[in-house]
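Participant: Questions regarding the structure given below will be posed in turn.
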Amino acid sequence: GAGVSQSPRYKVAKRGQDVALRCDPISGHVSLFWYQQALGQGPEFLTYFQNEAQLDKSGLPSDRFFAERPEGSVSTLKIQRTQQEDSAVYLCASNYDLNTEAFFGQGTRLTVV
Amino acid sequence: AQRVTQPEKLLSVFKGAPVELKCNYSYSGSPELFWYVQYSRQRLQLLLRHISRESIKGFTADLNKGETSFHLKKPFAQEEDSAMYYCALTRAGNMLTFGGGTRLMVKP
């Protein structure tokens with residue numbers, strides 16, 4: 001594809017609702033990262049996949065957050081029982097391999113009301 | 001723990017003036033440093049990385065290990081340089097740790 005694609009671009013969820021955010025990385029990219037960017041702050045690491053293996057999930061803020069990449073391509077970030085503090089832009093990035101340039105998607109802006 | 005600090009939230013300069021966006025980091029080891037840029041309504045993209053020692057769009061950044069700094073500089077700012085700039089570091093090609101970002105506004 002032309003780049004990293006994320007959907008939806010915008011999501012409004014009622015507090016307590018479950019949401020699923022999708023990331024389509026660049027074809028052939030092995031590494032995939034999720035970041036959370038709160039308003040006025042820089043992106044913060046959530047989790048990292050190498051192919052289908054989730055190698056680091058140390059940044060996930062609570063057990064309500066879950067990510068998967070079952071076939072080593074598309075990834076989904078799921079947030080259960082959303083809270084207002086989950087409101088943020090969620091960014092996905094992919095690399096061909098470690099030590100190569102990370103390409104970012106346009107992000108999903110989640111607003112929890 | 002690794003940390004990146006960008007002390008200025010906003011930097012406003014006139015076109016043609018020199019620009020310096022400050023970045024300081026803390027990391028016990030040899031990190032790799034980057035500058036990312038986000039233009040209005042566009043995605044975050046890599047501007048430059050310290051190991052390549054390139055000048056991109058007239059911007060340069062030198063890693064100063066003694067001062068643990070990686071300031072971004074441009075001698076003559078252009079209006080099209082207006083954007084959000086993020087300094088970031090990574091170790092061993094793993095995840096990026098970003099600073100809080102600096103909004104650069106270049107006035108005509």
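The values are calculated or read from the model by the stated rules, or taken from the named source; none is laboratory data. These numbers were taken from a predicted model, which means no experiment stands behind them. All Cβ positions, even for glycine, are placed from backbone atoms using ideal geometry, and neighbour counts span all protein chains on display.
Participant: Anything in the range A:9-41 that is exposed (fewer than 11 other Cβ atoms within 10 Å of the Cβ) and among the small types (Gly, Ala, Ser)? List them, or say none.
Facilitator: Scanning the range A:9-41 gives A:16, A:27, A:28, A:40.
Participant: Identify, please: which residue in the range A:44-68 is among the charged types (D, E, K, R) and touching a strand residue (DSSP E or B) at 6+ places or on another chain (Cβ under 8 Å) and is, among those, surrounded by the most Cβ atoms within 10 Å (Cβ to Cβ)?
Facilitator: The selected residue is A:44.
Participant: Oh, and also: Looking at residue B:34 and the list (1) out of contact with any Lys or Arg (no Cβ under 6 Å at 6 or more places or on another chain); (2) surrounded by 15 or more Cβ atoms within 10 Å (Cβ to Cβ); (3) within 14 Å of another protein chain (Cβ to nearest Cβ), which single condition is not satisfied?
Facilitator: (1) is the only condition that residue B:34 fails.
Participant: Determine if the range A:52-62 includes at least one residue that is in contact (Cβ under 8 Å) with a residue 12 or more places away in the chain and within 11 Å of the chain's Cα centre (by Cα).
Facilitator: yes
Participant: Inside the range B:38-56, can you point out the residues that are loosely packed, with under 12 Cβ neighbours inside 10 Å and more than 22 Å from residue B:100 (Cβ to Cβ)?
Facilitator: Scanning the range B:38-56 gives B:51, B:52, B:53.
Participant: Also, I was wondering about something else. Of all the residues that make up the range A:103-112, how many are surrounded by fewer than 21 Cβ atoms within 10 Å (Cβ to Cβ), under 16 Å from residue A:40 (Cα atoms) and either free of Cβ contacts under 8 Å to residues at least 40 places away in the same chain or within 13 Å of chain B (Cβ to nearest Cβ) (or both)?
Facilitator: Selection size over the range A:103-112: 1.
Participant: Within the range B:55-106, work out how many residues are assigned to a strand (DSSP E or B), within 14 Å of another protein chain (Cβ to nearest Cβ) and touching a Gly at 6+ places or on another chain (Cβ under 8 Å).
Facilitator: Of the residues in that region, 6 qualify.
Participant: How many residues does the range B:64-98 hold that are farther than 26 Å from residue A:107 by Cα and buried (at least 20 other Cβ atoms within 10 Å of the Cβ)? Please lay out each step first, then the result.
Facilitator: If we filter the range B:64-98 for residues that are farther than 26 Å from residue A:107 by Cα, which is where we start, we get B:64-71, B:73-78.
With the extra rule that they be buried (at least 20 other Cβ atoms within 10 Å of the Cβ), the set shrinks to B:70, B:74, B:77.
Final tally of qualifying residues: 3.
Participant: Okay, next question. Filter the range B:88-107 down to residues that are farther than 18 Å from residue B:47 by Cβ and of a type in the set (A, V, I, L, M, F, W, C) and give me whichever is modelled with the lowest pLDDT.
Facilitator: That would be B:92.
Participant: Another question, then. Take the residues of the range A:69-102 that are at pLDDT below 95 and either within 14 Å of chain B (Cβ to nearest Cβ) or in contact with a strand residue (DSSP E or B) (Cβ under 7 Å, 6 or more places away or on another chain) (or both): which is surrounded by the most Cβ atoms within 10 Å (Cβ to Cβ)?
Facilitator: A:102
Participant: May I ask you to list the residues in the range B:1-50 that are β-branched (Val, Ile, Thr) and under 14 Å from the mean Cα position of the chain (by Cα)?
Facilitator: Answer for the range B:1-50, where residues must be β-branched (Val, Ile, Thr) and under 14 Å from the mean Cα position of the chain (by Cα): B:4, B:5, B:19, B:37.
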